[in-house]
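S.K.: I'd like to ask some things about the structure below.
The values are calculated or read from the model by the stated rules, or taken from the named source; none is laboratory data. What you see is a predicted model; the values in this text were computed from it and never measured. Cβ atoms come from the backbone with ideal geometry, glycine included; neighbour counts cover every protein chain shown.
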Amino acid sequence: MEESSGEAMQVDNGSEIITKIARLYAEKLLSDVSLRIGDRVFPAHRLILCASSDVFQVMLLNPNWTEFNVEEIVLQENADCGRVFGDFLAYLYTGKITLKIESVLPILMLADKYNVRDLVMLCVKYMNQHVLAASNLGKLVTWLQYTSNCGHHDLASICFNFIAWNFHSFMKKPEFLLCDKDTLIAFLQCSDLVVSDEFSLTVAIIEWLDVNALCDPDNESILVREIVSYLRFGMLSPVELAKLVVFPIVQRNNDFFVRRMALGMDYHSGNWSKLEKIISDTEEISLQFTPRLYIAEKWMAPITLENFRQLQPYHSTTLLFNTPYSFSDKDSEQSYEWIVEFYPKGVWFQKCYLISWHGKLEVPEMIFRDVRLSLTLKDAFDQRFKVGIIIYGDQNGEEYVAKVVERVFIFDENSSVLKFDDLVDFDGLNETLLANTKDGEYNPNLVGLNNDTMKLQVVILPFERLISFEEPGSWKSIRHF
């Protein structure tokens, strides 16, 4: 009869095995191949390289490759990748690496090049979580350029959206002046660019041109045409148009600027027939009269809810405000009147009764776990507007635009109210209402010194008959960060 050996128990001593493997790298034991980058040589092991990287596996095991069966392999890496290659190689042995804003991109480049998929995922996750910090350190444009060119489309979209939605602050940073031409054009094509107004953007672009034209002064006029074509002169007031003539680069390219400025003046004078003919001949001109998301006071109503955690369930805020009738000076005396109702704590419809000739009909109570905003236009119908909701968030005590929701809507007698549902995740915003959540816990949806203020802006812009909402470019993807 077989004797029982007692209770079976599986043990996991994997960390000790990893430590032993790591010693092979740290102490350069039993190395059978060396990797050279410039003057630096990294002893390594074919087994580890092949197990970690498909690319190394092909290089080292395929006899058709020049690296097959050689003792030293020369790798061609740029300076940034060369500086972090030791960390990258150590990760293949240990599974551990320290990611920083300054070094994560070259590590991702190496992980992509050598197809180390687990490290790629770690880098992308880190970058997703540190977009604001990358922007503050002047790294975000570089992240955007690499990720958009190398297939990391979700991360590229997040980087692009962050810059577009925070462009009013981005264009004041040194990184803006270092932005390359194609990336800048991609932003200027966007109608959901968040800026104070078109004039502040135009002044920033002129500063960018002053800096970048110095690199190739002989081709200044070409650069000016390529960039300035995407500015929207129809959104500049006559006074702002007049202010442009004092800039030296405008004076040096007078003919081109004057033609663009004339479009703006035709718009303000109501010369529709001329403008419609120009637009029919040149589709690109239609964007001259398409507004971006302008957060200047006359187009925007702020909603700021302080002491948010203490607000009662189903709390609502109502706001009345006016916006100009159009961008044209000829309509400066007219305005639209709006009613905004905001429900950040859910929506509660109490039980009521409808009285009709059929009799009394009971309407039951309804509760929606929803962050809702409704917008009503008073006394004006069959009008088309662009409405943007700009929602702020917080990361490490710093405020930024976290999300933009944008719609084009025609207010008429059948559709007088525009509703935005699920503006913010209800549970994420109202976490202090949930069980097992400590009051005062940090909430990225709230801003302010005590992380207890909800902030958003409602932007309402009229759409003229000249305007088409379609915009060019490849960045009409999801606008959510």
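S.K.: Give just the number: which of (1) at pLDDT below 90; (2) among the aliphatic types (A, V, I, L, M); (3) crowded, with 16+ Cβ neighbours inside 10 Å does residue 355 not satisfy?
M.R.: Unmet condition: (3).
S.K.: Spot the failing condition for residue 138; the list is (1) over 16 Å from the mean Cα position of the chain (by Cα); (2) on the phi > 0 side of the Ramachandran plot, and only one is missed.
M.R.: Just one mismatch for residue 138, condition (1).
S.K.: Any chance segment 169-176 includes a residue that's outside the structural domain of residue 402 (by TED's automatic domain parsing), touching a Pro at 6+ places or on another chain (Cβ under 9 Å) and more than 30 Å from residue 111 (Cβ to Cβ)? I'd like the intermediate steps shown before the answer.
M.R.: Step one: filter segment 169-176 for residues outside the structural domain of residue 402 (by TED's automatic domain parsing), giving 169-176.
Next, from what is left, pick out any that are touching a Pro at 6+ places or on another chain (Cβ under 9 Å): none.
Checking segment 169-176: not a single residue is outside the structural domain of residue 402 (by TED's automatic domain parsing), touching a Pro at 6+ places or on another chain (Cβ under 9 Å) and more than 30 Å from residue 111 (Cβ to Cβ).
S.K.: Would you check which residues across segment 208-244 are hydrophobic (A, V, I, L, M, F, W, C), in contact (Cβ under 8 Å) with a residue 12 or more places away in the chain and in a helix (DSSP H, G or I) and list them?
M.R.: As a first pass, look at segment 208-244 and keep what is hydrophobic (A, V, I, L, M, F, W, C): 208-209, 211, 213-215, 222-224, 227-228, 231, 233, 235-236, 239, 241-242, 244.
After this cut, where a residue has to be in contact (Cβ under 8 Å) with a residue 12 or more places away in the chain as well, the list is 208-209, 211, 213, 223-224, 227-228, 231, 233, 235-236, 241, 244.
Within segment 208-244, 208, 209, 211, 213, 223, 224, 227, 228, 233, 235, 241, 244 meet the criteria.
S.K.: Suppose the filter is crowded, with 18+ Cβ neighbours inside 10 Å and modelled with pLDDT under 75; does residue 279 pass it? Outline the logic, then answer.
M.R.: Values: crowded, with 18+ Cβ neighbours inside 10 Å: yes; modelled with pLDDT under 75: yes.
Taking the combined requirement at face value, the residue satisfies it.
S.K.: Taking the options 252, 260, 292, name whichever one is buried (at least 18 other Cβ atoms within 10 Å of the Cβ), farther than 30 Å from residue 405 by Cβ, charged (D, E, K, R) and touching a residue at least 24 places away in the same chain (Cβ under 8 Å).
M.R.: On the way: 252 fails: buried (at least 18 other Cβ atoms within 10 Å of the Cβ); 292 fails: farther than 30 Å from residue 405 by Cβ.
When all the criteria are applied, what remains is 260.
S.K.: Residues 75, 122, 92: which one is assigned by TED's automatic domain parsing to the domain that holds residue 42 and either surrounded by 20 or more Cβ atoms within 10 Å (Cβ to Cβ) or of a type in the set (Ser, Thr, Tyr) (or both)? Explain how you work it out, then say what you get.
M.R.: On the way: 75 fails: either surrounded by 20 or more Cβ atoms within 10 Å (Cβ to Cβ) or of a type in the set (Ser, Thr, Tyr) (or both); 122 fails: either surrounded by 20 or more Cβ atoms within 10 Å (Cβ to Cβ) or of a type in the set (Ser, Thr, Tyr) (or both).
Only one candidate qualifies: 92.
S.K.: Consider residue 60 carefully, then state whether it is over 29 Å from the mean Cα position of the chain (by Cα), under 30 Å from residue 154 (Cα atoms), surrounded by 15 or more Cβ atoms within 10 Å (Cβ to Cβ) and at pLDDT below 95.
M.R.: The answer is no for residue 60.
S.K.: Would you please name the residue that is nearest to residue 338 (Cα to Cα), looking only at residues in segment 305-323 that are assigned to a loop (DSSP other than H, G, I, E, B) and of a type outside the set (S, T, N, Q)?
M.R.: From segment 305-323, those assigned to a loop (DSSP other than H, G, I, E, B) are 306-307, 311-316; that's our starting set.
Filter once more, keeping what is of a type outside the set (S, T, N, Q): 306, 311, 313-315.
Values: 306: 23, 311: 25, 313: 25, 314: 22, 315: 20 Å.
Of everything passing the filter in segment 305-323, 315 is nearest to residue 338 (Cα to Cα).
S.K.: Right, next: Any idea which of (1) in a helix (DSSP H, G or I); (2) modelled with pLDDT of 95 or more is the one residue 97 doesn't satisfy?
M.R.: (1)
S.K.: Where residues in segment 188-204 are modelled with pLDDT of 95 or more and among the hydroxyl-bearing types (Ser, Thr, Tyr), which of them is surrounded by the most Cβ atoms within 10 Å (Cβ to Cβ)? Give the steps one after another, and end with the answer.
M.R.: At the first step, the residues of segment 188-204 found to be modelled with pLDDT of 95 or more are 188, 193-204.
Then keep just the ones that are among the hydroxyl-bearing types (Ser, Thr, Tyr); that gives 196, 200, 202.
Numbers: 196: 16, 200: 17, 202: 23.
Checking each candidate, the answer is 202.
S.K.: Something else: Pull out all pairs, ordered by first then second residue, where Cβ-Cβ is under 9 Å, the residues are six or more apart or on different chains, the first lies in segment 301-326 and is over 30 Å from residue 383 (Cα atoms) and touching a residue at least 40 places away in the same chain (Cβ under 8 Å), and the second is surrounded by fewer than 16 Cβ atoms within 10 Å (Cβ to Cβ) and among the small types (Gly, Ala, Ser).
M.R.: Qualifying pairs under 9 Å: 309/440.
S.K.: Can you tell me which condition residue 179 does not meet? The list is (1) touching a Pro at 6+ places or on another chain (Cβ under 9 Å); (2) free of Cβ contacts under 8 Å to residues at least 40 places away in the same chain; (3) not in a helix (DSSP H, G or I), and all the others hold.
M.R.: That leaves (1) as the condition not met.
S.K.: Using the structure shown, decide if residue 424 is surrounded by 14 or more Cβ atoms within 10 Å (Cβ to Cβ), at pLDDT 90 or above and of a type in the set (Val, Ile, Thr). Walk me through how you get there before you give the answer.
M.R.: Working: surrounded by 14 or more Cβ atoms within 10 Å (Cβ to Cβ): yes; at pLDDT 90 or above: yes; of a type in the set (Val, Ile, Thr): yes.
Criteria met by residue 424.
S.K.: Within segment 136-178, can you find the residues that are crowded, with 23+ Cβ neighbours inside 10 Å and among the small types (Gly, Ala, Ser)?
M.R.: 164
S.K.: Working only within segment 205-229, note down all residues that are at pLDDT 90 or above, buried (at least 18 other Cβ atoms within 10 Å of the Cβ) and either touching a Cys at 6+ places or on another chain (Cβ under 8 Å) or not charged (D, E, K, R) (or both). Working first, answer last.
M.R.: Filtering segment 205-229 for residues at pLDDT 90 or above gives 205-212, 220-229.
From the residues that got through so far, the ones that are buried (at least 18 other Cβ atoms within 10 Å of the Cβ) too are 205-206, 208-209, 212, 220, 223-224, 227-228.
Across segment 205-229, the qualifying residues are 205, 206, 208, 209, 212, 223, 224, 227, 228.
S.K.: If you check every pair at least six apart or on different chains, which have Cβ atoms under 8 Å apart with a residue in segment 395-422 that is more than 13 Å from residue 378 (Cα to Cα) and touching a residue at least 40 places away in the same chain (Cβ under 8 Å) first and a residue that is assigned to a strand (DSSP E or B) and polar (S, T, N, Q) second?
M.R.: 419/374; 420/374
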